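A short write-up of the structure that comes next.
The values are calculated or read from the model by the stated rules, or taken from the named source; none is laboratory data. Everything numeric here is computed off the predicted structure, so don't read it as measured data. Ideal geometry is used to build each Cβ from the backbone, glycine not excepted, and the neighbour counts take in all protein chains shown. Ligands, DNA and RNA are excluded from the accessible area calculation, which covers all protein heavy atoms including side chains. Shrake-Rupley method; radii C 1.70, N 1.55, O 1.52, S 1.80 Å.
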Amino acid sequence: LDVSVKVYQGDPATVLVQAALQEEYDLLLKAHNPVGGRFSHALSSIDRRLLRACPCPIAILRPQQPDHAGRILAAVNYDPEQKDKRTITDNILAVATRAALAGFRELHILHVWSLYGESSLKTGFARVSAERLNELLNTEEKAHQDWLNALVKEFLGEMGSETAQHLAPKVYLMKGKPKQVIQQQVEQLKPDLLVIGSVARTGLPGLTMGNTAEAILNEVECSVATVKPAGFKSPIRL
């Protein structure tokens, strides 16, 4: 490896983001800064600022837990109205794949779906019959399943057959709220690394961490990595 060592002076979040901008890094790895107390796994202010402002994918690394079985969990999302989501998904899978291959770890891919307005369709002003609701749920689930199947097939197809066979990712389609489901899967699978995409709009500098994503990263105890949407502009400038 061609290794270079650089020492920066100044506010950590600012100088690291400026370095990523100037050097055009593909990935930033940083040790987690414990906040202390019973919330020691929560993100520090420096970590949160980096996750929001860093232009490249960033991983906040926590000590590897002895009960973890060597897994990488990639949480992917699909929004047909957001054209750059496929790019986010591609980057999530790329970061997760590199981590899995580098550490001989299992790759797990999770997609959480829900039916928009389901509660209103059950008991609210837009209430429909049970038969109609089941039909809508089945249609929505099938759309997400078809999208996930196509995503994984194309993802594996872009690799060599030997690599694809070695990875053999385990894929999960689960219904519910992303924050709850992802946290439950982290607790169950005990991954070494959770890779997730930011979900906020790209036109507002610095607003790249949606409430759901930040809440998830602040709760889980494993290492976490985030991927920015296409066209992201950091609020920190050179």
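Descriptive notes on the structure:
- Within the stretch 5-32, considering residues that are part of a helix (DSSP H, G or I), of a type in the set (A, V, I, L, M, F, W, C) and out of contact with any Pro (no Cβ under 8 Å at 6 or more places or on another chain), the one nearest to L51 (Cα to Cα): A13
- Residue ID - modelled with the lowest pLDDT, chosen from residues in the stretch 80-91 that are in a helix (DSSP H, G or I) and open to solvent by 10 Å² or more (accessible area, probe 1.4 Å): K85
- When the stretch 168-185 is filtered for residues that are part of a helix (DSSP H, G or I) and in contact (Cβ under 8 Å) with a residue 60 or more places away in the chain, the ones remaining, listed by number, are P178, V181, I182, Q185.
- For the stretch 186-200, taking the residues that are modelled with pLDDT under 90 and in a loop (DSSP other than H, G, I, E, B), the one that is nearest to P55 (Cα to Cα) is identified as S198.
- Test result for A130, within 30 Å of L29 (Cα to Cα) and either polar (S, T, N, Q) or out of contact with any strand residue (DSSP E or B) (no Cβ under 6 Å at 6 or more places or on another chain) (or both): no
- Residue in the stretch 201-216 that is modelled with pLDDT of 90 or more, more than 14 Å from the chain's Cα centre (by Cα) and part of a loop (DSSP other than H, G, I, E, B) present: no
- The test for being touching a Gly at 6+ places or on another chain (Cβ under 7 Å), under 30 Å from L151 (Cα atoms) and at pLDDT below 90 holds for R52.
- Of all residues in the stretch 92-132, those that are in a strand (DSSP E or B) and either closer than 18 Å to K175 by Cβ or open to solvent by 40 Å² or more (accessible area, probe 1.4 Å) (or both) total 7.
- Among the residues of the stretch 40-58, at least one is closer than 24 Å to L189 by Cα, open to solvent by less than 20 Å² (accessible area, probe 1.4 Å) and assigned to a strand (DSSP E or B).
- Residues satisfying the stated conditions in the stretch 140-171, i.e. surrounded by 11 or more Cβ atoms within 10 Å (Cβ to Cβ), polar (S, T, N, Q) and more than 21 Å from the chain's Cα centre (by Cα): T163
- Of all residue pairs spaced 6 or more apart or on separate chains, none has beta-carbon atoms under 7 Å together with a first member in the stretch 155-167 that is among the hydroxyl-bearing types (S, T, Y) and a second member that is open to solvent by 40 Å² or more (accessible area, probe 1.4 Å).
- Every listed requirement among (1) of a type outside the set (S, T, Y); (2) closer than 14 Å to Y78 by Cβ; (3) part of a strand (DSSP E or B) is met by E140 save one, (3).
- In the stretch 106-134, the residues that are more than 20 Å from Q183 (Cβ to Cβ) and touching a Leu at 6+ places or on another chain (Cβ under 9 Å): L115, E118, L121, K122, R127, V128, R132, L133
- Of all residues assigned to the stretch 218-237, at least one qualifies as being part of a helix (DSSP H, G or I), closer than 27 Å to P63 by Cβ and either at pLDDT below 85 or not aliphatic (A, V, I, L, M) (or both).
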